[in-house]
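Take a look at the structure below.
The values are calculated or read from the model by the stated rules, or taken from the named source; none is laboratory data. Treat the numbers as computed from the prediction; the structure is a model and nothing was measured. Note that each Cβ is placed from the backbone with ideal geometry, even for glycine, and that neighbours are counted across all protein chains shown. These area figures cover heavy atoms from the full protein model, side chains too; ligands, DNA and RNA do not enter into them. Shrake-Rupley method; radii C 1.70, N 1.55, O 1.52, S 1.80 Å.
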Amino acid sequence: MGGSGGGYFKISDPAELSKKIRDSEEQTKNQQFETDVSAFISELLVKFNDRDVTSISDHLETIKKALEKEIEGSLDILFGGSVSKHTYVDGLSDIDALIILNKSELQGLSPIEVKDYFYERLKQRLTNTEIKQGKLAVTVKFKDAEIQLLPAIRADNSLKIADTSGKQWANIKPEKFATLLTSVNKELNNKVVPTIKLVKSVISTLPENRQLSGYHVESLAVEIFKLYDGERNTKAMLKHFFNQAQNLVLSPIKDRTGQSIHVDDYLGQENSLQRKIVSDAIGRIGRKFKNADGAQSLEQWQSILGGP
C-alpha cells in the first residue's frame, strides 16, 4: 500500500520551541535597542559638531584688531583647548585662544601686565561686550560664544604662557598632548574624540562642584583608552569611560603640556574629599548607563545624554 514513505513526523518539544522563539524575539529586541541608541548618539554628535566657525573667526578678528591698534608689531591667534583638539562642544566648552605677541613692546612685560593691557584695551574698544579678567586669562563673552584669551610669547621655538601663579612666563608644549590624543583616537577608529564630546555633555549636567574641566576629561580619556581592547563604538566606550574614570579621578594626572604639574590640581591631593565627591558622581552616571542597558530603555539613555 502506498503511504508517506514509512517514516513519521517528529514534533519538537513545545517548551524548547517556545524558548527558541523567545530567544529570537529577545535578540531582535536587543538589536533594535542598540540601533536606536546608536542613532540617537549620532544625532547628538551632529548637533555638537554643528558649530558656527565663521562667527568665531569674526569674533577673534574683532579682538585682534582691538588689541593691535595701539602697539607696534603684530599679534597671532592660535586656538588652544578643546577647539584645537576637536573636542569642542558648543555651549559646553570654552574657546581658548593664545594671543601670541610678535616683536611688540608687550614682550617685555610680565604675564599680569599683558593681561591687564588686554583687559583695558578690550573694555575700551568693545564697549557693549561683557569682558572679565581672571587669574590667567581675559574672557570675552559674545552672544553666541565665550572666548578665553591667554597671552603668549614665542621663545626658542617654544611657546610661553603664564605659570599657575599668573606672575611668570612658563614654557608649554600644547602640541604634545594634542598629538597623543590624536594618536589614541586614530588607533580606536576615531571614536575617542566623539566619546569625549558625549562625556562633556553628560558631566555638564552635574552640579558645578562635581564637574570636571575639559582638559581633565581629555586627559582621563587618553589614560582610559590608550590600552582599550573593547568594542570600538561610541556607546560602549562611553560606558567604559565612566566605569574607569570613577577610580582614576581619585589620583592626580600629570600635565603633559607643562603648563602646570597636574591637569586636575583643582581637585586637591590624592583621595581628597573633593575627588571623592566627583568620583561618586561619576560612578552614579556609570550605574545609570548600566541600568538603562539592563532595561533596554532608549528613554533612559536619552535622559542621561540630555535629549531628545
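Going residue by residue through the stretch 159-173, is there one that turns out to be touching a residue at least 60 places away in the same chain (Cβ under 8 Å), closer than 19 Å to residue 98 by Cβ, of a type outside the set (Lys, Arg) and assigned to a helix (DSSP H, G or I)? Checked against the condition, which is being touching a residue at least 60 places away in the same chain (Cβ under 8 Å), closer than 19 Å to residue 98 by Cβ, of a type outside the set (Lys, Arg) and assigned to a helix (DSSP H, G or I), the stretch 159-173 yields no hits at all. Within the stretch 87-109, the residues that satisfy the criterion of being at pLDDT 75 or above and open to solvent by 60 Å² or more (accessible area, probe 1.4 Å) are 107, 108.
Quick check on the stretch 70-86. Is at least one of its residues at pLDDT below 90, touching a Leu at 6+ places or on another chain (Cβ under 8 Å), hydroxyl-bearing (Ser, Thr, Tyr) and open to solvent by less than 30 Å² (accessible area, probe 1.4 Å)? No: zero hits. Of all residues in the stretch 263-289, those satisfying the criterion of being surrounded by fewer than 16 Cβ atoms within 10 Å (Cβ to Cβ) and either assigned to a loop (DSSP other than H, G, I, E, B) or modelled with pLDDT under 95 (or both) are 265, 266, 268, 269, 270, 271, 272.
In this structure, does residue 67 turn out to be at pLDDT 60 or above, among the aliphatic types (A, V, I, L, M), more than 30 Å from residue 217 (Cα to Cα) and open to solvent by less than 80 Å² (accessible area, probe 1.4 Å)?
Judged against the criteria, residue 67 is a match.
Answer yes if at least one residue in the stretch 232-255 is of a type in the set (A, V, I, L, M, F, W, C) and at pLDDT below 95, and no otherwise. Checked the stretch 232-255: at least one residue is of a type in the set (A, V, I, L, M, F, W, C) and at pLDDT below 95.
Starting from residues that are part of a loop (DSSP other than H, G, I, E, B) and open to solvent by less than 100 Å² (accessible area, probe 1.4 Å), keep the ones in the stretch 290-308 and report whichever is nearest to residue 206 (Cα to Cα).
That would be 306.
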